[in-house]
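The values are calculated or read from the model by the stated rules, or taken from the named source; none is laboratory data. None of these values were measured; they are calculated from a predicted model. Neighbour counts are summed over all protein chains in view; Cβ atoms, including those assigned to glycine, are modelled from backbone coordinates with ideal geometry.
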Amino acid sequence: MTAVPSSPPVASLIPSRIVIFVATVWEFAAVRAAIPGGRMDRLQGRTRYCASAGGGECWVIQTGVGPQKAHAVARDVLSQQTFSLAISSGFACALAPAAIGDILIGTRAATIRAGGTLDYIEVEGDERQRWCTMLSENEALAGAAFGSFISADRIVYRAAEKVALAERTHATGLDMESAALATEAKAARVPFLIVRSVSDLLMEELPLDFNLFLRPTGWVKGVGALLAHPSSLLGLNRLRRQSAVAAAALTKSLRIVVNARFGVRPDSHMTMTP
């Protein structure tokens with residue numbers, strides 16, 4: 001794991017606009033719950049949740065699953081406004097010892113390429129340093145782990161492959177979108193950070209090849225795989241429970257940081273954007 005970035009000087013609550021990218025509706029709901037009092041609207045045909053407080057503003061945007069969708073959505077969104085921070089959030093696979101619901105903080109991300117080197121992307125900035133400081137110094141987030149993320153173009157569901165990736169990369173977390181989002185953040189010169197919650201573990205075999213469901217005709221094959229292996233339903237139920245734990249942990253962690261960043265009391269609501 002990498003060291004926690006050094007703390008910046010004591011910062012005043014400078015107004016900022018932050019965008020948080022998530023892949024799925026479940027992750028969207030978890031992040032939205034951390035930032036109450038906002039409203040839903042549409043941005044170039046995409047659903048956006050937006051809330052403001054303390055002179056700052058938070059956007060939550062769903063990209064869809066996978067690097068291609070993340071690239072396209074982030075490129076469009078980051079060209080709309082000036083942002084002080086872009087965050088990749090949602091669930092992740094732990095590539096180091098962890099528990100379900102643990103928070104992983106990524107300061108850099110790289111795409112996995114077969115047999116190639118890992119070209120990590122990192123975009124520093126004042127707002128990112130503020131978030132890193134709040135995540136590392138808050139006692140309620142003492143278990144958060146800082147490190148690097150790697151992103152794949154498919155769901156890695158075999159435990160043996162996860163272990164091989166961990167040994168090769170020494171990364172903290174694995175997902176599908178963070179490297180793509182980091183690439184677009186770098187192109188737009190927007191500081192970038194990853195804040196994700198562990199939904200599956202290093203030595204854990206997922207119950208099904210979920211890549212089947214990402215293909216145009218995948219639902220038919222996915223349902224067929226379930227029917228051929230009914231025991232997979234038990235694994236799916238386990239994964240559902242783990243995802244619920246990860247979602248609750250993500251909501252709690254982001255709420256703590258957002259409240260601290262924008263000077264909002266934990267028992268109050270952020271205001272709706274105009």
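A few notes on this one:
- Scanning region 111-131 finds no residues that are under 18 Å from Ile18 (Cβ atoms), surrounded by fewer than 20 Cβ atoms within 10 Å (Cβ to Cβ) and among the aliphatic types (A, V, I, L, M).
- Number of the condition not met by Lys186 [criteria: (1) at pLDDT 95 or above; (2) closer than 17 Å to Val60 by Cβ]: (2)
- When region 64-111 is filtered for residues that are among the basic types (Lys, Arg) and either within 12 Å of the chain's Cα centre (by Cα) or part of a helix (DSSP H, G or I) (or both), the ones remaining, listed by number, are Lys69, Arg75.
- Test: residue in region 79-96 that is under 20 Å from Asp153 (Cα atoms) and surrounded by fewer than 16 Cβ atoms within 10 Å (Cβ to Cβ): no
- Any hit, region 147-162, residues being within 16 Å of Gly90 (Cβ to Cβ), charged (D, E, K, R) and in a loop (DSSP other than H, G, I, E, B): no
- Residue under evaluation Thr271, criteria (1) closer than 30 Å to Gln81 by Cβ; (2) at pLDDT 70 or above, criterion not met: (2)
- The numbered conditions (1) buried (at least 19 other Cβ atoms within 10 Å of the Cβ); (2) small (Gly, Ala, Ser); (3) out of contact with any Phe, Trp or Tyr (no Cβ under 8 Å at 6 or more places or on another chain); (4) not in a helix (DSSP H, G or I) are all true for Ala171 except (3).
- Just one of the listed residues (Gly66, Gly56) is in contact with a Leu (Cβ under 9 Å, 6 or more places away or on another chain) and at positive phi, namely Gly66.
- Among the conditions (1) basic (Lys, Arg); (2) under 24 Å from Arg261 (Cβ atoms); (3) in a strand (DSSP E or B), the only one that Arg42 does not satisfy is (2).
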